[in-house]
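A short worksheet on the structure shown next.
The values are calculated or read from the model by the stated rules, or taken from the named source; none is laboratory data. None of the values given here were measured: they were computed from a predicted structure. Cβ: placed from backbone, ideal geometry, glycine included. Neighbour counts: every protein chain shown. We work out accessible area using only protein heavy atoms, side chains counted, and drop any ligands, DNA or RNA first. Shrake-Rupley method; radii C 1.70, N 1.55, O 1.52, S 1.80 Å.
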Amino acid sequence: MSYDQQTLDQIESYASIFLPISDMAVILDIHPEQLRMDIANRTTEVSKRYHRGKAASKVKLLHQEMQLAYVGSPLALENTQKNLMSMEDDE
């Protein structure tokens, strides 16, 4: 399926707030399975935009959690350690 620039912008924005694909599809009047298939195909622009939006917010959350770990939050320290292990597993 072909997506115009406005729709791509909306998908990236919705992904950045972790809106489920099924809800995006309703808002954008796209069949949910079609949107899922297009996002699953990593070569499509819609997939790139979806994953970029999601990753950008993950960066913000990880940064905030790291700041909390720096000031000694026990939960943030634990989560940061798990994040580090996940990162190393992905290397």
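Over the range 29-91, Cα pairs under 8 Å with separation of 6+ residues give a relative contact order of 15 percent.
For residue 17, the solvent-accessible surface with a 1.4 Å probe is about 120 Å², rounded to the nearest 10. Centre-to-centre, using Cα atoms only, the range 70-91 and the range 1-24 are separated by 29 Å. For the set 71, 59, the ranking by accessible area, highest first and with no ligand, DNA or RNA atoms included, is 71, 59 under a 1.4 Å probe. Think of each Lys and Arg Cβ as +1 and each Asp and Glu Cβ as -1; about the Cα centre, that makes the dipole of the chain roughly 120 debye.
At the residue level, residue 85 shows approximately 100 square angstrom of accessible surface with a 1.4 angstrom probe and all protein chains present.
Candidates 21, 34, 55 compared by Cα position along the dipole of the range 1-60: farthest toward the positive end lies 55, with charges placed on Cβ. Dividing the helix sum by the residues of the chain, where each DSSP H run of 4 or more adds -39500 (n - 2.57), gives a mean residue ellipticity at 222 nm of -25000 deg cm²/dmol. Using the 1.4 Å probe convention, the accessible area of the chain works out to 71 Å² per residue with neighbouring protein chains retained.
Rounded if a/c is under 1.5, else prolate if a/b beats b/c, else oblate: with a ≥ b ≥ c from the C-alpha gyration tensor eigenvalues square-rooted, which is the chain? Could the numbers behind the result be given before it?
On the way: a/c = 3.04, a/b = 2.32, b/c = 1.31.
Prolate shape, in that a/c is at least 1.5 and a/b is the bigger ratio.
Of the accessible area of the chain, computed with a 1.4 Å probe over protein heavy atoms only, carbon and sulfur atoms account for 56 percent.
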